Amino acid sequence: MMPQPTTPESALRLDLNEHTGGCAPEVAAALQALTATQLACYPDTAALTRAVAARFSVQPDEVLLTNGLDEGILMAAVACLGLRPHAALRQSAELGSPDARREMIVVTPVFDPYLQAAAAMQADAVIVPAGPDFQFPRQAVLDAITPQTRLIILNTPHNPTGSEIPIRAIAEVCAAAPHALVLVDEAYQDFGQTSCISALPSWPNAIVGRTFSKAYGLAGLRIGALIGAPALLAPMKRATPVFTLSTPAVTALETALQHDGYRLAYVDQVRQSRQRTYDVCARLGLRCWPSAGNFVLIDGGERYRALIDGLRARGIRVRDRSTDPSCPRCFRLTTGVLAHTNRALAALEDLCAAPQ
């Protein structure tokens, strides 16, 4: 029997790594309780900044709240890839020249906003291919550093592969590029093993980016944070709009941080969902990679197009990565709420059982 067509509202969105279970009930209730007067006023973010600082065990002046981590990435590019070098980083006459090339280093597969940020600042993106099995290409990154390098973005856990970068490798990159800012994008670290935040005092040129879109279920409200030394954050704070967060966003995150058990319960479901995905892929003969995020990258083999299209026809959206030369034939499956993962994997098993 052919699957029935689905509408965008009824489709299971496992393509954007959102929290498909939604935000905590307490968050939804707090949003519904907002008054017309509250919605008419600009928000005060001081209390929220203190709460976020407490969540990550840092000081409030080491936190910059942003409209999603994407804005934080752009603000880092504004601070580092402009005509003037970052004042808190080691400088040279060459870096200070108006004609100096400005370079940003990223590793494939690349999160598109990194490249968009470099393009916005008319800087060069130096793209380093990942190693075998998507291992972090430590030596290649070190070799790519030049006097013109101003920004290095390291994504851990890496999207879409789920791999984590060893702390010692990040430390080596920081030490090799004292004239550049190293932005460690930890958007998925709620699901990973080790955050770099505690190491920041030892890395004078590094900051960490976090988001509340994934584990807290607040993607639609757009809240992120940059964490680092005040001197490093200063030019980014100057570039960030004063009222970059909305009143609903501030209310939602304040409430979410007070009910952290919801996040922890979701993290547990993610871990179960990842293991379930590994097991099913092994049984179906589909290659996948161990992930520290809330997603798994799957190689669909020769049938990748039929699998991606077949899942969509059944109302299950996955992220098609097959056009990226660094991960051909692959698609990324969000592994969040266990019931949703089971539904997607059941559909995948049906598709693999169908005659070719």
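Each value in this text was obtained by applying a stated rule to the coordinates, not by laboratory testing. Everything numeric here is computed off the predicted structure, so don't read it as measured data. So basically every Cβ, Gly included, is an ideal-geometry build from the backbone, and we count neighbours across all protein chains shown.
Summary of values
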{"item": "Helix 247-258 axis, angle to the chain major axis (alpha carbon atoms, nearest 10°)", "result": "80"}
{"item": "Most to least packed among 267-277, 122-132, 69-79 [average Cβ atoms within 10 Å]", "result": "69-79, 267-277, 122-132"}
{"item": "Relative packing of peptides 39-49, 283-293 - highest average C-beta neighbours within 10 Å first", "result": "283-293, 39-49"}
{"item": "Calculated from backbone phi, Karplus (6.51, -1.76, 1.60) coupling profile of region 166-176 in Hz, x at Gly/Pro", "result": "x, 4, 5, 5, 5, 4, 5, 5, 4, 5, 7"}
{"item": "Choice from E172, E18, E164 with maximal GNM fluctuation in the chain (Cα, 10 Å cutoff)", "result": "E172"}
{"item": "In sequence order, calculated HN-Hα J values of region 116-124 (Karplus, 6.51, -1.76, 1.60; Hz; x Gly/Pro)", "result": "5, 5, 5, 5, 4, 9, 6, 10, 8"}
{"item": "Region 160-244: mean projected area of Cα convex hull, nm²", "result": "6.5"}
{"item": "I153, I223 arranged by Cβ crowding within 10 Å, fewest neighbours leading", "result": "I153, I223"}
{"item": "More than 31 angstrom apart: percent of Cα pairs within the chain", "result": "37"}
{"item": "DSSP beta bridge pairing in the chain, given as percent antiparallel to the nearest 5", "result": "45"}
{"item": "Under 5 Å, built H, 5+ apart or other chain: amide partners of L181", "result": "L151, I152"}
{"item": "Convex hull per residue volume in Å³, alpha carbons only, for region 121-271", "result": "137"}
{"item": "Partnerless Cys - the chain, beta-carbon criterion under 4.7 Å", "result": "C23, C41, C80, C174, C196, C352"}
{"item": "Cβ-based net charge around G301, under 13 Å, with every Lys or Arg adding one and every Asp or Glu removing one", "result": "+2"}
{"item": "Diffusion constant of region 17-72 at 25 °C, which comes from Stokes-Einstein with the Kirkwood Cα-pair radius and 0.890 mPa s, µm²/s", "result": "179"}
{"item": "Residue among S163, S57, S326 with the largest mean-square fluctuation in a Gaussian network model of the chain, springs linking Cα atoms under 10 Å", "result": "S57"}
{"item": "Table column - 3J(HN,Hα) (Hz), region 104-113, Karplus curve with 6.51, -1.76, 1.60, x for Gly and Pro", "result": "10, 9, 9, 10, 7, x, 9, 6, 3, x"}
{"item": "T20 long-range amide H proximity, modeled H, under 5 Å", "result": "V337"}
{"item": "Placed amide H near V126: partners under 5 Å, 5+ positions off or other chain", "result": "M104, I105, V106"}
